[in-house]
Amino acid sequence: MRAHPSPIRSGFSAPKPCSSAMSPIRFTTEERLLLWLVALGFFMQSLDATIVNTALPSIAASLAESPLRMQSAVVAYALTMAALIPASGWLADRFGTRRIFTLAALLFALGSLACALAPSLGWLVAARVLQGLGGALLLPVGRLAVLRSLPREKFLEAMSFVAIPGLMGQLLGPALGGWLVEALSWHWIFLINLPVGLLGAWAATRWMPDLRDGTSGALDLAGFAMLTMAMVCISLSVDGLGGLGFRHVTVLVLLLAGLLALAAYWLHAARAPRPLFAPSLFAVQSLRVGMLGNLFARIGSGAMPYMIPLLMQLNMGYSPAQAGMLMLPMALASMASKPLVTRLIHRHGYRRVLIANTLLLGLLIIGFALMTPGQPLWLRVAQMMVFGAVNSMQFTSMNTVTLKDLGPHQASGGNSMLSMVQMLGMGFGVAVAAALIAAFQQWLGTPDPHQSLQAFRGAFVCIGVVTMLSAGIFWQLDADVPQAGGASASAGTNR
(Lines give C-alpha, C1' and ligand atoms only; values in the text may rest on other atoms or scores of the structure.)
Protein backbone atom coordinates (compact mmCIF):
# COMPACT_ATOMS: atom_id res chain seq x y z
CA MET A 1 0.00 0.00 0.00
CA ARG A 2 1.40 3.36 -0.92
CA ALA A 3 0.48 6.69 0.55
CA HIS A 4 1.08 9.90 -1.33
CA PRO A 5 1.22 13.51 -0.21
CA SER A 6 -2.21 15.00 0.11
CA PRO A 7 -3.22 17.70 -2.34
CA ILE A 8 -4.18 19.68 0.74
CA ARG A 9 -0.77 19.57 2.40
CA SER A 10 2.19 17.30 2.80
CA GLY A 11 1.28 14.82 5.49
CA PHE A 12 4.68 14.12 7.03
CA SER A 13 6.53 17.26 7.96
CA ALA A 14 9.36 17.03 10.43
CA PRO A 15 8.17 16.79 14.03
CA LYS A 16 8.85 19.69 16.33
CA PRO A 17 10.62 19.30 19.65
CA CYS A 18 8.41 18.97 22.69
CA SER A 19 8.47 22.00 24.98
CA SER A 20 6.44 23.05 27.94
CA ALA A 21 6.21 26.51 26.39
CA MET A 22 4.96 25.15 23.04
CA SER A 23 1.79 26.87 21.82
CA PRO A 24 -1.33 24.67 21.63
CA ILE A 25 -2.10 22.90 18.37
CA ARG A 26 -4.63 24.79 16.23
CA PHE A 27 -6.63 23.32 13.36
CA THR A 28 -7.86 25.12 10.27
CA THR A 29 -11.57 25.09 9.42
CA GLU A 30 -10.93 22.53 6.67
CA GLU A 31 -9.03 20.26 9.05
CA ARG A 32 -11.65 20.55 11.77
CA LEU A 33 -14.50 19.60 9.41
CA LEU A 34 -12.55 16.51 8.35
CA LEU A 35 -11.94 15.53 11.98
CA TRP A 36 -15.63 15.90 12.84
CA LEU A 37 -16.55 13.70 9.87
CA VAL A 38 -14.13 10.95 10.95
CA ALA A 39 -15.48 11.31 14.48
CA LEU A 40 -19.00 10.71 13.14
CA GLY A 41 -17.83 7.40 11.66
CA PHE A 42 -16.35 6.44 15.01
CA PHE A 43 -19.63 7.48 16.66
CA MET A 44 -21.60 5.13 14.43
CA GLN A 45 -19.36 2.18 15.26
CA SER A 46 -19.21 2.77 19.02
CA LEU A 47 -22.96 3.46 19.30
CA ASP A 48 -23.76 0.20 17.54
CA ALA A 49 -21.30 -1.88 19.56
CA THR A 50 -22.45 -0.63 22.96
CA ILE A 51 -26.16 -0.82 22.15
CA VAL A 52 -25.88 -4.42 20.96
CA ASN A 53 -23.95 -5.61 24.02
CA THR A 54 -26.55 -4.19 26.40
CA ALA A 55 -29.47 -5.66 24.47
CA LEU A 56 -28.15 -9.22 23.95
CA PRO A 57 -30.31 -10.83 26.70
CA SER A 58 -33.45 -9.22 25.26
CA ILE A 59 -32.55 -10.23 21.71
CA ALA A 60 -31.86 -13.78 22.92
CA ALA A 61 -35.28 -13.98 24.58
CA SER A 62 -36.99 -12.72 21.42
CA LEU A 63 -35.13 -15.21 19.19
CA ALA A 64 -35.50 -18.11 21.66
CA GLU A 65 -31.74 -18.43 22.20
CA SER A 66 -29.55 -18.63 25.31
CA PRO A 67 -28.07 -15.20 26.18
CA LEU A 68 -24.66 -16.87 26.62
CA ARG A 69 -24.75 -18.13 23.01
CA MET A 70 -25.36 -14.72 21.43
CA GLN A 71 -21.70 -13.79 21.07
CA SER A 72 -21.77 -14.91 17.43
CA ALA A 73 -23.69 -11.71 16.59
CA VAL A 74 -20.82 -9.68 18.06
CA VAL A 75 -18.00 -11.85 16.70
CA ALA A 76 -19.49 -11.89 13.18
CA TYR A 77 -19.43 -8.09 13.05
CA ALA A 78 -15.87 -7.80 14.37
CA LEU A 79 -14.56 -10.61 12.19
CA THR A 80 -16.12 -9.17 9.03
CA MET A 81 -14.51 -5.84 9.78
CA ALA A 82 -11.14 -7.45 10.44
CA ALA A 83 -11.34 -9.46 7.20
CA LEU A 84 -12.22 -6.49 4.97
CA ILE A 85 -9.96 -3.90 6.58
CA PRO A 86 -6.79 -5.19 4.79
CA ALA A 87 -8.38 -4.11 1.50
CA SER A 88 -9.51 -0.72 2.84
CA GLY A 89 -6.25 1.04 2.03
CA TRP A 90 -6.22 -0.33 -1.52
CA LEU A 91 -9.88 0.62 -2.04
CA ALA A 92 -9.21 4.15 -0.81
CA ASP A 93 -6.11 4.44 -3.00
CA ARG A 94 -7.93 3.12 -6.06
CA PHE A 95 -11.36 4.76 -5.78
CA GLY A 96 -10.70 7.71 -3.47
CA THR A 97 -11.39 8.32 0.21
CA ARG A 98 -14.58 10.30 -0.47
CA ARG A 99 -16.31 7.62 -2.53
CA ILE A 100 -15.34 4.74 -0.22
CA PHE A 101 -16.28 6.59 2.97
CA THR A 102 -19.69 7.47 1.51
CA LEU A 103 -20.28 3.85 0.43
CA ALA A 104 -19.25 2.62 3.87
CA ALA A 105 -21.80 4.84 5.62
CA LEU A 106 -24.58 3.63 3.30
CA LEU A 107 -23.66 -0.05 3.78
CA PHE A 108 -23.62 0.42 7.53
CA ALA A 109 -27.12 1.92 7.43
CA LEU A 110 -28.42 -0.88 5.17
CA GLY A 111 -26.92 -3.55 7.45
CA SER A 112 -28.54 -1.92 10.46
CA LEU A 113 -31.94 -2.11 8.77
CA ALA A 114 -31.38 -5.81 8.00
CA CYS A 115 -30.48 -6.44 11.67
CA ALA A 116 -33.74 -4.84 12.80
CA LEU A 117 -35.70 -7.16 10.51
CA ALA A 118 -33.93 -10.34 11.72
CA PRO A 119 -36.38 -13.17 12.68
CA SER A 120 -33.66 -15.57 13.83
CA LEU A 121 -30.09 -15.68 15.11
CA GLY A 122 -28.82 -16.88 11.73
CA TRP A 123 -30.43 -13.91 9.98
CA LEU A 124 -29.03 -11.55 12.60
CA VAL A 125 -25.50 -12.91 12.15
CA ALA A 126 -25.79 -12.50 8.35
CA ALA A 127 -27.07 -8.94 8.77
CA ARG A 128 -24.20 -8.16 11.14
CA VAL A 129 -21.83 -9.32 8.40
CA LEU A 130 -23.40 -6.78 6.02
CA GLN A 131 -23.15 -4.13 8.71
CA GLY A 132 -19.51 -5.06 9.24
CA LEU A 133 -18.77 -4.51 5.54
CA GLY A 134 -19.60 -0.85 6.03
CA GLY A 135 -18.00 -0.55 9.44
CA ALA A 136 -14.76 -2.04 8.13
CA LEU A 137 -14.22 0.98 5.89
CA LEU A 138 -15.48 3.85 8.03
CA LEU A 139 -12.70 4.41 10.54
CA PRO A 140 -9.69 3.13 8.52
CA VAL A 141 -10.51 5.29 5.50
CA GLY A 142 -11.28 8.29 7.69
CA ARG A 143 -8.07 7.83 9.65
CA LEU A 144 -6.08 7.46 6.43
CA ALA A 145 -7.50 10.77 5.20
CA VAL A 146 -6.34 12.39 8.45
CA LEU A 147 -2.88 10.82 8.19
CA ARG A 148 -2.46 12.23 4.69
CA SER A 149 -4.08 15.62 5.22
CA LEU A 150 -2.60 16.92 8.48
CA PRO A 151 1.01 17.76 9.35
CA ARG A 152 2.72 15.13 11.45
CA GLU A 153 2.98 17.31 14.56
CA LYS A 154 -0.83 17.49 14.72
CA PHE A 155 -1.52 13.74 14.65
CA LEU A 156 -1.71 13.00 18.38
CA GLU A 157 -3.94 15.99 19.10
CA ALA A 158 -6.02 15.37 15.98
CA MET A 159 -6.91 11.80 16.85
CA SER A 160 -7.57 12.71 20.47
CA PHE A 161 -10.00 15.31 19.08
CA VAL A 162 -11.64 12.59 16.95
CA ALA A 163 -11.90 10.20 19.88
CA ILE A 164 -13.76 12.55 22.24
CA PRO A 165 -16.89 13.16 20.12
CA GLY A 166 -16.61 9.58 18.86
CA LEU A 167 -16.82 8.31 22.42
CA MET A 168 -20.24 9.93 22.70
CA GLY A 169 -21.46 6.73 21.07
CA GLN A 170 -20.12 4.75 24.01
CA LEU A 171 -21.68 7.27 26.37
CA LEU A 172 -25.13 7.16 24.79
CA GLY A 173 -25.17 3.54 23.59
CA PRO A 174 -25.64 1.52 26.79
CA ALA A 175 -28.29 3.78 28.35
CA LEU A 176 -30.06 4.39 25.05
CA GLY A 177 -30.01 0.69 24.21
CA GLY A 178 -31.44 -0.30 27.58
CA TRP A 179 -34.15 2.35 27.38
CA LEU A 180 -35.13 1.40 23.80
CA VAL A 181 -35.38 -2.28 24.75
CA GLU A 182 -37.70 -1.53 27.66
CA ALA A 183 -39.72 1.32 26.13
CA LEU A 184 -40.03 -0.01 22.56
CA SER A 185 -38.20 -3.18 21.42
CA TRP A 186 -34.69 -4.35 20.63
CA HIS A 187 -35.25 -3.68 16.93
CA TRP A 188 -34.84 0.05 17.57
CA ILE A 189 -31.24 -0.34 18.70
CA PHE A 190 -30.43 -0.92 15.02
CA LEU A 191 -32.95 1.47 13.51
CA ILE A 192 -31.32 4.30 15.46
CA ASN A 193 -28.27 3.91 13.15
CA LEU A 194 -30.20 4.81 10.02
CA PRO A 195 -30.28 8.63 10.39
CA VAL A 196 -26.67 8.67 11.59
CA GLY A 197 -25.51 6.61 8.62
CA LEU A 198 -27.38 8.74 6.12
CA LEU A 199 -26.02 11.90 7.71
CA GLY A 200 -22.49 10.52 7.49
CA ALA A 201 -22.92 9.68 3.79
CA TRP A 202 -24.20 13.18 3.03
CA ALA A 203 -21.41 14.84 5.02
CA ALA A 204 -18.76 12.76 3.26
CA THR A 205 -19.81 14.11 -0.13
CA ARG A 206 -19.16 17.64 1.17
CA TRP A 207 -16.15 17.48 3.49
CA MET A 208 -14.18 14.30 2.87
CA PRO A 209 -11.15 15.07 0.67
CA ASP A 210 -10.95 12.91 -2.43
CA LEU A 211 -7.46 11.44 -1.83
CA ARG A 212 -6.16 8.52 -3.87
CA ASP A 213 -2.96 6.92 -5.08
CA GLY A 214 -2.84 6.29 -8.82
CA THR A 215 0.13 3.93 -8.39
CA SER A 216 -1.71 1.53 -6.07
CA GLY A 217 -1.74 -1.27 -8.67
CA ALA A 218 -3.83 -4.43 -8.40
CA LEU A 219 -5.11 -5.85 -5.12
CA ASP A 220 -3.15 -8.83 -3.79
CA LEU A 221 -6.09 -11.24 -4.07
CA ALA A 222 -4.06 -14.33 -3.15
CA GLY A 223 -2.72 -12.69 -0.02
CA PHE A 224 -6.16 -11.33 0.85
CA ALA A 225 -7.69 -14.82 0.58
CA MET A 226 -4.96 -16.38 2.76
CA LEU A 227 -5.20 -13.70 5.42
CA THR A 228 -9.00 -13.84 5.50
CA MET A 229 -8.96 -17.62 5.80
CA ALA A 230 -6.48 -17.39 8.67
CA MET A 231 -8.63 -14.91 10.61
CA VAL A 232 -11.90 -16.75 10.01
CA CYS A 233 -10.52 -20.18 10.95
CA ILE A 234 -8.73 -18.99 14.09
CA SER A 235 -11.76 -16.98 15.23
CA LEU A 236 -14.15 -19.87 14.61
CA SER A 237 -11.85 -22.24 16.50
CA VAL A 238 -12.00 -19.98 19.58
CA ASP A 239 -15.73 -19.30 19.23
CA GLY A 240 -16.34 -23.02 18.70
CA LEU A 241 -15.27 -23.66 22.30
CA GLY A 242 -18.11 -21.46 23.49
CA GLY A 243 -21.44 -20.80 21.85
CA LEU A 244 -21.00 -22.84 18.68
CA GLY A 245 -20.40 -26.04 20.61
CA PHE A 246 -17.85 -27.53 18.23
CA ARG A 247 -16.18 -30.81 19.10
CA HIS A 248 -12.54 -30.59 20.11
CA VAL A 249 -11.39 -32.21 16.89
CA THR A 250 -13.22 -29.54 14.85
CA VAL A 251 -11.66 -26.79 16.94
CA LEU A 252 -8.20 -28.31 16.44
CA VAL A 253 -8.65 -28.61 12.66
CA LEU A 254 -9.85 -25.00 12.39
CA LEU A 255 -6.96 -23.74 14.50
CA LEU A 256 -4.38 -25.66 12.44
CA ALA A 257 -5.97 -24.46 9.18
CA GLY A 258 -5.83 -20.88 10.40
CA LEU A 259 -2.17 -21.12 11.43
CA LEU A 260 -1.26 -22.76 8.12
CA ALA A 261 -3.03 -20.00 6.19
CA LEU A 262 -1.19 -17.38 8.24
CA ALA A 263 2.18 -19.03 7.55
CA ALA A 264 1.31 -19.30 3.85
CA TYR A 265 0.50 -15.59 3.75
CA TRP A 266 3.80 -14.66 5.39
CA LEU A 267 5.74 -16.70 2.80
CA HIS A 268 3.64 -15.23 0.00
CA ALA A 269 4.15 -11.64 1.22
CA ALA A 270 7.92 -12.14 1.35
CA ARG A 271 8.09 -12.70 -2.41
CA ALA A 272 5.00 -10.88 -3.76
CA PRO A 273 5.79 -7.55 -5.48
CA ARG A 274 2.87 -5.68 -3.86
CA PRO A 275 1.56 -7.64 -0.84
CA LEU A 276 -1.30 -6.42 1.34
CA PHE A 277 1.12 -5.92 4.21
CA ALA A 278 4.79 -5.94 3.32
CA PRO A 279 7.00 -7.81 5.82
CA SER A 280 9.27 -4.74 5.74
CA LEU A 281 6.66 -2.95 7.87
CA PHE A 282 7.82 -5.05 10.79
CA ALA A 283 11.28 -3.55 10.47
CA VAL A 284 9.76 -0.57 12.32
CA GLN A 285 10.26 -1.55 15.95
CA SER A 286 7.42 0.53 17.39
CA LEU A 287 4.95 -0.89 14.85
CA ARG A 288 6.09 -4.45 15.53
CA VAL A 289 5.61 -4.10 19.28
CA GLY A 290 2.44 -2.05 18.93
CA MET A 291 0.71 -4.60 16.69
CA LEU A 292 1.39 -7.53 19.00
CA GLY A 293 0.48 -5.48 22.05
CA ASN A 294 -2.78 -4.35 20.46
CA LEU A 295 -3.75 -7.93 19.61
CA PHE A 296 -3.25 -9.41 23.07
CA ALA A 297 -4.10 -6.44 25.30
CA ARG A 298 -7.35 -5.91 23.39
CA ILE A 299 -8.59 -9.37 24.33
CA GLY A 300 -9.34 -8.01 27.80
CA SER A 301 -10.63 -4.66 26.56
CA GLY A 302 -12.86 -6.38 23.98
CA ALA A 303 -14.29 -8.87 26.46
CA MET A 304 -15.43 -6.36 29.09
CA PRO A 305 -18.19 -4.53 27.14
CA TYR A 306 -19.64 -7.96 26.33
CA MET A 307 -19.34 -9.51 29.80
CA ILE A 308 -20.39 -6.67 32.09
CA PRO A 309 -23.92 -6.02 30.68
CA LEU A 310 -24.57 -9.78 30.59
CA LEU A 311 -23.40 -10.24 34.18
CA MET A 312 -25.49 -7.32 35.41
CA GLN A 313 -28.69 -8.60 33.80
CA LEU A 314 -28.26 -12.35 34.35
CA ASN A 315 -26.82 -12.47 37.86
CA MET A 316 -27.06 -9.04 39.51
CA GLY A 317 -30.78 -8.38 39.02
CA TYR A 318 -30.39 -5.35 36.73
CA SER A 319 -32.89 -4.42 34.02
CA PRO A 320 -31.56 -3.55 30.53
CA ALA A 321 -31.94 0.17 31.25
CA GLN A 322 -30.17 -0.14 34.62
CA ALA A 323 -27.33 -2.16 33.11
CA GLY A 324 -26.97 0.46 30.39
CA MET A 325 -26.89 3.31 32.89
CA LEU A 326 -24.17 1.52 34.83
CA MET A 327 -21.92 1.73 31.77
CA LEU A 328 -22.20 5.53 31.67
CA PRO A 329 -19.48 6.18 34.30
CA MET A 330 -17.08 4.04 32.27
CA ALA A 331 -17.71 6.06 29.10
CA LEU A 332 -17.51 9.41 30.94
CA ALA A 333 -14.19 8.46 32.50
CA SER A 334 -12.91 7.36 29.07
CA MET A 335 -13.65 10.79 27.65
CA ALA A 336 -12.21 12.67 30.62
CA SER A 337 -8.90 10.79 30.52
CA LYS A 338 -8.07 11.66 26.90
CA PRO A 339 -6.17 14.90 27.67
CA LEU A 340 -4.29 13.16 30.50
CA VAL A 341 -2.77 10.41 28.38
CA THR A 342 -1.23 12.92 25.96
CA ARG A 343 0.57 14.66 28.81
CA LEU A 344 1.70 11.36 30.33
CA ILE A 345 3.16 10.16 27.05
CA HIS A 346 5.00 13.43 26.46
CA ARG A 347 6.46 13.30 29.97
CA HIS A 348 7.25 9.61 30.56
CA GLY A 349 7.41 8.05 27.10
CA TYR A 350 5.39 5.24 25.58
CA ARG A 351 7.30 2.37 27.18
CA ARG A 352 6.76 3.36 30.81
CA VAL A 353 3.16 4.42 30.27
CA LEU A 354 2.19 1.22 28.43
CA ILE A 355 3.88 -1.18 30.84
CA ALA A 356 2.33 0.43 33.92
CA ASN A 357 -1.08 0.96 32.32
CA THR A 358 -1.31 -2.62 30.97
CA LEU A 359 -0.51 -4.12 34.37
CA LEU A 360 -3.08 -1.85 36.02
CA LEU A 361 -5.68 -2.73 33.37
CA GLY A 362 -5.24 -6.45 34.04
CA LEU A 363 -5.61 -5.95 37.79
CA LEU A 364 -8.80 -3.96 37.26
CA ILE A 365 -10.26 -6.74 35.09
CA ILE A 366 -9.47 -9.27 37.81
CA GLY A 367 -11.16 -6.91 40.27
CA PHE A 368 -14.49 -7.45 38.52
CA ALA A 369 -14.41 -11.03 39.82
CA LEU A 370 -15.07 -9.55 43.29
CA MET A 371 -18.43 -8.07 42.28
CA THR A 372 -21.41 -9.29 44.31
CA PRO A 373 -25.16 -8.59 44.13
CA GLY A 374 -24.92 -6.75 47.46
CA GLN A 375 -22.08 -4.46 46.45
CA PRO A 376 -22.78 -0.76 47.22
CA LEU A 377 -23.72 1.24 44.14
CA TRP A 378 -21.07 3.91 44.77
CA LEU A 379 -18.33 1.27 44.79
CA ARG A 380 -19.61 -0.28 41.56
CA VAL A 381 -19.71 3.15 39.89
CA ALA A 382 -16.17 3.96 41.08
CA GLN A 383 -14.95 0.62 39.74
CA MET A 384 -16.47 1.38 36.33
CA MET A 385 -14.96 4.86 36.23
CA VAL A 386 -11.43 3.74 37.06
CA PHE A 387 -11.60 0.94 34.50
CA GLY A 388 -12.95 3.31 31.82
CA ALA A 389 -10.13 5.82 32.36
CA VAL A 390 -7.36 3.20 32.34
CA ASN A 391 -8.85 1.38 29.34
CA SER A 392 -9.07 4.62 27.38
CA MET A 393 -5.45 5.48 28.10
CA GLN A 394 -4.48 1.99 26.94
CA PHE A 395 -6.20 2.49 23.58
CA THR A 396 -4.65 5.87 22.91
CA SER A 397 -1.14 4.81 23.93
CA MET A 398 -1.17 1.54 21.96
CA ASN A 399 -2.56 3.06 18.81
CA THR A 400 -0.26 6.06 18.81
CA VAL A 401 2.95 4.11 19.40
CA THR A 402 2.07 1.74 16.57
CA LEU A 403 1.92 4.40 13.84
CA LYS A 404 4.20 7.13 15.14
CA ASP A 405 7.36 6.10 13.26
CA LEU A 406 5.88 5.18 9.87
CA GLY A 407 7.12 6.95 6.78
CA PRO A 408 4.89 8.28 3.97
CA HIS A 409 5.13 5.06 1.92
CA GLN A 410 4.15 2.96 4.97
CA ALA A 411 1.12 4.94 6.17
CA SER A 412 -1.58 3.12 4.22
CA GLY A 413 -0.38 -0.41 5.00
CA GLY A 414 0.36 0.32 8.65
CA ASN A 415 -2.97 2.08 9.16
CA SER A 416 -4.94 -0.80 7.63
CA MET A 417 -3.02 -3.42 9.59
CA LEU A 418 -3.64 -1.60 12.87
CA SER A 419 -7.38 -1.37 12.18
CA MET A 420 -7.47 -5.09 11.33
CA VAL A 421 -5.65 -6.04 14.53
CA GLN A 422 -7.97 -3.82 16.60
CA MET A 423 -11.10 -5.54 15.33
CA LEU A 424 -9.49 -8.97 15.48
CA GLY A 425 -8.55 -8.34 19.12
CA MET A 426 -12.10 -7.25 19.93
CA GLY A 427 -13.57 -10.34 18.26
CA PHE A 428 -11.08 -12.60 20.03
CA GLY A 429 -11.98 -10.93 23.33
CA VAL A 430 -15.68 -11.74 22.95
CA ALA A 431 -14.98 -15.28 21.69
CA VAL A 432 -12.49 -15.98 24.48
CA ALA A 433 -14.89 -14.62 27.11
CA ALA A 434 -17.74 -16.80 25.82
CA ALA A 435 -15.49 -19.86 25.68
CA LEU A 436 -14.22 -19.29 29.23
CA ILE A 437 -17.73 -18.79 30.62
CA ALA A 438 -18.93 -21.97 28.88
CA ALA A 439 -15.92 -23.92 30.19
CA PHE A 440 -16.41 -22.75 33.77
CA GLN A 441 -20.14 -23.49 33.56
CA GLN A 442 -19.32 -27.04 32.52
CA TRP A 443 -16.69 -27.50 35.24
CA LEU A 444 -18.96 -26.05 37.94
CA GLY A 445 -22.09 -27.84 36.73
CA THR A 446 -24.18 -24.65 36.39
CA PRO A 447 -25.74 -24.66 32.89
CA ASP A 448 -28.42 -22.13 33.88
CA PRO A 449 -27.30 -18.66 32.62
CA HIS A 450 -28.94 -17.07 35.67
CA GLN A 451 -26.72 -19.14 37.98
CA SER A 452 -23.43 -18.37 36.22
CA LEU A 453 -21.84 -15.84 38.60
CA GLN A 454 -18.94 -18.14 39.48
CA ALA A 455 -18.32 -18.84 35.78
CA PHE A 456 -18.10 -15.09 35.11
CA ARG A 457 -15.67 -14.70 38.00
CA GLY A 458 -13.37 -17.37 36.62
CA ALA A 459 -13.46 -15.74 33.19
CA PHE A 460 -12.58 -12.30 34.65
CA VAL A 461 -9.53 -13.72 36.40
CA CYS A 462 -8.26 -15.56 33.32
CA ILE A 463 -8.72 -12.57 31.03
CA GLY A 464 -7.08 -10.23 33.54
CA VAL A 465 -4.02 -12.48 33.80
CA VAL A 466 -3.68 -12.59 30.00
CA THR A 467 -3.87 -8.78 29.88
CA MET A 468 -1.17 -8.41 32.52
CA LEU A 469 1.11 -10.82 30.66
CA SER A 470 0.82 -8.66 27.53
CA ALA A 471 2.76 -5.95 29.39
CA GLY A 472 5.83 -8.02 28.55
CA ILE A 473 5.31 -7.09 24.90
CA PHE A 474 5.48 -3.38 25.65
CA TRP A 475 8.63 -4.00 27.70
CA GLN A 476 10.40 -4.40 24.34
CA LEU A 477 9.80 -0.76 23.35
CA ASP A 478 12.72 1.65 23.30
CA ALA A 479 12.84 3.77 26.47
CA ASP A 480 12.35 7.15 24.82
CA VAL A 481 10.36 10.26 25.56
CA PRO A 482 8.35 11.07 22.43
CA GLN A 483 8.43 14.32 20.57
CA ALA A 484 5.44 16.56 20.14
CA GLY A 485 4.59 15.01 16.77
CA GLY A 486 3.79 11.42 16.05
CA ALA A 487 1.23 9.57 14.11
CA SER A 488 -1.76 8.67 16.12
CA ALA A 489 -4.41 6.10 15.74
CA SER A 490 -7.96 6.05 16.87
CA ALA A 491 -8.42 5.85 20.59
CA GLY A 492 -11.58 3.91 20.37
CA THR A 493 -12.81 0.99 18.68
CA ASN A 494 -14.37 -1.69 20.11
CA ARG A 495 -13.93 -0.91 19.70
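Relative to its Kirkwood radius, the Cα radius of gyration of the chain gives an Rg/Rh of 0.95. Relative contact order for segment 346-429: 34 percent, from Cα pairs under 8 Å spaced at least 6 residues apart, divided by residue count. The residues of segment 313-447 expose on average 35 square angstrom of accessible surface per residue, using a 1.4 Å probe on protein heavy atoms.
Of the residues Leu370, Val341, Gly413, the one whose Cα sits farthest towards the positive end of the charge dipole of segment 285-443 is Val341 (charges of +1 on Lys and Arg Cβ, -1 on Asp and Glu Cβ, taken about the Cα centre). Based on the Kirkwood radius over alpha-carbon pairs, what value in µm²/s does the Stokes-Einstein equation return for the translational diffusion coefficient of segment 393-481 at 37 °C and 0.692 mPa s? My calculation gives 209 µm²/s for D. Computed with a 1.4 Å probe over protein heavy atoms only, the accessible area of Glu182 comes to about 100 Å².
Each part reduced to its alpha carbon centroid, segment 39-114 and segment 357-414 end up 22 Å apart. Heavy-atom accessible area for Asp405, with the other protein chains in place and a 1.4 Å probe, reaches approximately 70 Å².
Quick one: pull the percent of accessible area on the chain belonging to carbon and sulfur, 1.4 Å probe, ligands and nucleic acids left out. Result for the chain: 70 percent of the exposed heavy-atom area is carbon or sulfur. When you restrict to C-alpha pairs under 8 Å that are six or more residues apart and normalise by the size of the chain, the relative contact order lands at 28 percent. Sorting His346, His187 by solvent-accessible area of protein heavy atoms yields His187, His346, largest first, with a 1.4 Å probe. Each Lys and Arg contributes +1 and each Asp and Glu -1, all at the Cβ; summed about the Cα centre of the chain, the dipole is approximately 900 debye.
Converting the Cα gyration tensor eigenvalues of segment 35-130 into ellipsoid dimensions via √(5λ) gives semi-axes, longest first, of 28, 13, 11 Å.
Just the number please: accessible area per residue for segment 72-211, 1.4 Å probe, all protein chains included, in Å².
Roughly 30 Å² per residue, with all protein chains present.
The values are calculated or read from the model by the stated rules, or taken from the named source; none is laboratory data. Quantities reported herein were computed from a predicted structural model and do not represent experimental measurements. Note that each Cβ is placed from the backbone with ideal geometry, even for glycine, and that neighbours are counted across all protein chains shown. Areas reflect the complete protein model, heavy atoms only, side chains present, ligands, DNA and RNA absent. Shrake-Rupley method; radii C 1.70, N 1.55, O 1.52, S 1.80 Å.
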